[in-house]
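Worksheet for the structure shown next.
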Amino acid sequence: MSASATMKRFTVSCFLCLVFSFQLSAALYFHIGETEKKCFIEEIPDDTMVIGNYKIQLWDKHKQEFLPSTPGLGMHVEVKEPEGKPLLSKQYSSEGRFTFTSHTPGEHQICLHSNSTKMALFAGGKLFREERFRQTSESTNQRVLWWSIAQTIILLLTGIWQMRHLKSFFEAKKLV
């Protein structure tokens, strides 16, 4: 077999492996409102381990950016078997991974919702405002320090200039 044919077979086998590996995993990216619950129905064979990675981020509508992480926020995950029996119902932190293993084949219902409340969102906004206020205070303190140093230097230079000027004035009047 020639090197060209071997290279073609290798390329085709790599491509097929890549195509088949895409079908073994799936990913979702979605937004959930504060009180919203998202449910997905997935066909899962029996004895299959399902792993979900998630990250909760609060979105600031006014600034159009994500806020810093808020303590106390988390994700509640509920999984029900095809018969409707709960397979998983657990509270998780704001970022992490949940796993479960299906025991029966069929359509499993996976529901996610954040545990955020108005208080948690208020706390997140409060922490953000406190951080911004701290940064503003530090910036103001820095400027006040430099302004004080500049004033002291100006006062010292003015005093030195006045002393020399008075000395030359009194020498000219022959009082010294």
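Since every read-out is calculated from the coordinates, none of them should be taken as a lab result. All values reported here derive from a predicted model rather than from experimental measurement. Cβ sites come from the backbone with ideal geometry, for glycine too, and all protein chains shown count toward neighbours.
If amide hydrogens are placed 1.01 Å from N in the peptide plane, which non-local residues have theirs closer than 5 Å to the one on Leu87?
Val79, Lys80, Glu81
Mind giving me the FRET efficiency for Leu127 and Glu78? R0 is 25 Å, r the Cβ-Cβ distance, nearest 0.05 is fine.
0.30
Select from the range 72-118 those GluC sites (Glu not before Pro) which occupy a DSSP coil region and have at most 12 other Cβ atoms within 10 Å, ordered by residue number.
Glu83
Go through the range 127-143 residue by residue and turn each phi into a ³J(HN,Hα) via Karplus (6.51, -1.76, 1.60, θ = phi - 60°); whole Hz please, and just put x for glycine and proline.
For the range 127-143, the Karplus curve yields 4, 5, 5, 4, 4, 5, 5, 4, 5, 5, 4, 5, 5, 5, 4, 5, 5 Hz.
Check cross-link reach from Lys37 to the lysines: straight Cα distance under 26 Å, and skip same-chain residues fewer than eight apart.
Lys55, Lys61, Lys63, Lys80, Lys85, Lys90, Lys118, Lys126
For Ser93, what residues show an amide H to amide H distance below 5 Å, using hydrogens built from the backbone and excluding near sequence neighbours?
Sorted by chain and number, the residues that satisfy this are Met75.
State, to one decimal in nm, how far the label point of His62 lies from the label point of Thr140, with both points 7 Å from Cα in the Cβ direction.
That separation, rounded to one decimal, is 1.8 nm.
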